[in-house]
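The values are calculated or read from the model by the stated rules, or taken from the named source; none is laboratory data. As the structure is a computational prediction, the values presented were derived from the model and not from experiment. Positions of Cβ are generated from backbone atoms using ideal geometry, with glycine treated the same way; all protein chains shown enter the neighbour counts. These accessible areas exclude ligands, DNA and RNA; they are computed on the full protein's heavy atoms, side chains included. Shrake-Rupley method; radii C 1.70, N 1.55, O 1.52, S 1.80 Å.
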Amino acid sequence: MSRKDFIDEIGGIICDECISRGYKFPSMIIAQACLESNYGLSSLAKNYHNYFGMKCGSSWGGKSVTLATKEEYNGKLENTRDNFRVYKDMHAGVVGYFAFIKYARYANLKYAKTAYEYAEMIAGDGWATDSTYANKLINIYTLYGLDFFDKIVSGDVKPEPAETLDEVVAAVIRGDYGNGAERREKLAAAGWDY
């Protein structure tokens, strides 16, 4: 899967979750998934559908896997091993992210006023030990024009209509056409038979 394909696939799921949960900046959540999972290529992402590097912690009751990781302490990277959450598929991994940010330490994320502020907040909240975490997220956001996803969530932009059946199917899977009656209406408006 290419980086663009990964961004499009996980981006559709993240947009749907942002809309249903009241988060405004899917762009930075997508940037997190790109950074934490190496665009879906890390072992944690490919094998365990954890795209955000979420560790188990004491409240996790689901499946877990112990893997090698690197953490930054006092400006130095150290190799370590830790227990990470395991999910059944990409959708479950994204839903797991939103469950994770319900913890009180991340409550401020819902009130971010810009994508940049979201990046600074999640870094400040201690998501990662990397002292350059926010800058890395912002670089990915800029490089791939992820603000487009924020515009979808805000309603400023509608997903581009697909031209071929394969493109329509991919768009439906990504969530570009919404769900239920909304999906039916959007597909009909684009000239497709639901």
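List of remarks:
- Residues of segment 86-115 satisfying the condition of being without any contact (Cβ under 8 Å) to a residue 40 or more places away in the chain and out of contact with any helix residue (DSSP H, G or I) (no Cβ under 6 Å at 6 or more places or on another chain): 88, 99, 102, 103, 104, 105, 106, 107, 111, 113
- Check on residue 123, of a type outside the set (Asp, Glu) and either in contact with a strand residue (DSSP E or B) (Cβ under 9 Å, 6 or more places away or on another chain) or farther than 19 Å from residue 13 by Cα (or both): yes
- Residues of segment 109-138 satisfying the condition of being more than 21 Å from residue 78 (Cα to Cα), open to solvent by 50 Å² or more (accessible area, probe 1.4 Å) and assigned to a helix (DSSP H, G or I): 110, 111, 116, 117, 120
- Leading residue by the ranking (nearest to residue 90 (Cα to Cα)) among those in segment 34-74 that are among the hydroxyl-bearing types (Ser, Thr, Tyr) and part of a loop (DSSP other than H, G, I, E, B): 51
- Screening residue 99 on (1) surrounded by fewer than 16 Cβ atoms within 10 Å (Cβ to Cβ); (2) farther than 17 Å from residue 36 by Cβ; (3) modelled with pLDDT of 90 or more shows it passes everything except condition (2).
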